[in-house]
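S.K.: Have a look at the structure that comes next, please.
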Amino acid sequence: MPVSLTMKNVTYDTYSVRGKNLTDIAKSIKKSGPKDPNDNKKVAFLTTTVLDAEVTKGKYVADGKAKIDKKTDWFEVKYKIKSLKLILTPSVRCPKRSVSGLSPRAMVEWFRFYASALVHEAKHVDKAKKESEKIAKEIDKLRGVGLGETEKEAQSLAEDDLKRAINNYFFVERERLNEIHRKFDHSTHHGEQQGALLDTSIL
């Protein structure tokens, strides 16, 4: 397929949490953790995914032969994508795994919670990748049309029109990946139903 998807490695942006017990750690997370833009609440882990298209580096070609417009006698050209790279950049804001001052039992629970949360965030990334693959297929179907006095002019206008269609697509669909994340968090209560819930009763 002319439109390809490249996913960069996940980057982890960590913040420090402190406390002598898990209740203190939970309070530290609420103070320093990232804010989910969908419900405006502080969370321990937050995955963000950004999808970009290298439109200026893409290659575009005529989709069939030029036609002559009967009304104007001008050339009409349709353009399609020959090659275009989409880049998905995922990142996870999360607490540092290393904490000090916890009891052995509390440390085990912290590590369990942390591992469960990472599994949940990995599913966010996987869902974003699958949605981006759908987007790539949709973009591949876009076409541009140009009308000019010469075939060369029509080709140039058709390419510009196609690039504009791609940029417009991204503008219209700009919240699409975020909506995937919102629905997934809503269905799992931010991963709590998958084990990403810190048991602060463990001392």
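Just so it is clear, none of the values below were taken in a lab; they were calculated from the coordinates. All figures in this text were calculated on a predicted structure; none of them were measured in a lab. Here Cβ is always computed from backbone atoms with ideal geometry, including for glycine, and neighbour counts include all displayed protein chains.
S.K.: What is the helix-to-structure angle for 176-188, meaning the angle in degrees between its Cα long axis and the longest Cα principal axis of the chain, kept from 0 to 90 and rounded to the nearest 10?
M.R.: Helix 176-188 sits at roughly 30 degrees to that axis.
S.K.: Same structure again: May I ask which residue of 98, 3, 145 lies farthest towards the positive end of the charge dipole of the chain, with charges of +1 (Lys, Arg) and -1 (Asp, Glu) on Cβ and the Cα centre as origin?
M.R.: Comparing the listed Cα positions along the dipole, 98 ranks first.
S.K.: Would you mind checking the tilt of helix 104-140 against the longest principal axis of the Cα atoms of the chain, expressed as 0 to 90 degrees and rounded to 10?
M.R.: Helix 104-140 and the main axis of the chain meet at about 10 degrees.
S.K.: Note down the magnitude of the dipole of the chain about its Cα centre, charges +1 on Lys and Arg C-beta and -1 on Asp and Glu C-beta and zero elsewhere, to the nearest 20 debye.
M.R.: Dipole about the Cα centre, nearest 20: 660 debye.
S.K.: Residue farthest toward the positive end of the dipole of the range 17-127, with Cβ of Lys/Arg at +1 and Asp/Glu at -1: which of 115, 79, 50?
M.R.: Value: 115.
S.K.: Note down the relative contact order for the chain as a percent, whole number, built from C-alpha pairs under 8 angstrom at least six residues apart.
M.R.: Normalised by residue count, the contact order of the chain is 29 percent.
S.K.: Give me the extension gain from residue 143 to residue 35: residue separation times 0.36 nm, minus the current Cα-Cα distance, reported in nm with one decimal.
M.R.: 35.0 nm
S.K.: Kindly work out what percent of the DSSP beta bridges joining two residues of the chain are antiparallel, to the nearest 5.
M.R.: Roughly 70 percent of the DSSP beta bridges within the chain come out antiparallel.
S.K.: Going by a ≥ b ≥ c, the root eigenvalues of the Cα gyration tensor, does the chain fall in the rounded group (a/c under 1.5), the prolate group (a/b larger than b/c) or the oblate group?
M.R.: Prolate shape, in that a/c is at least 1.5 and a/b is the bigger ratio.
S.K.: Along the range 190-196, what does the Karplus equation 6.51 cos²θ - 1.76 cosθ + 1.60 (θ = phi - 60°) give for ³J(HN,Hα), rounded to whole Hz, x for Gly and Pro?
M.R.: In residue order, the calculated couplings are 6, x, 4, 6, 10, x, 8 Hz.
S.K.: Per DSSP H run of n ≥ 4, the term is -39500 (n - 2.57); total these for the chain, divide by its residue number, and report the mean residue ellipticity at 222 nm rounded to 500 deg cm²/dmol.
M.R.: -14000 deg cm²/dmol
S.K.: Another question, if that's okay. Quick one: net charge around residue 119, please, counting Lys, Arg +1 and Asp, Glu -1 for every other residue with C-beta under 12 Å from its C-beta.
M.R.: Neighbourhood net charge equals 0.
S.K.: Could you calculate the FRET efficiency of residue 165 with residue 15 from 1/(1 + (r/R0)^6), where r is the beta carbon distance between them and R0 is 45 Å, rounded to 0.05?
M.R.: Calculated transfer efficiency: 0.65.
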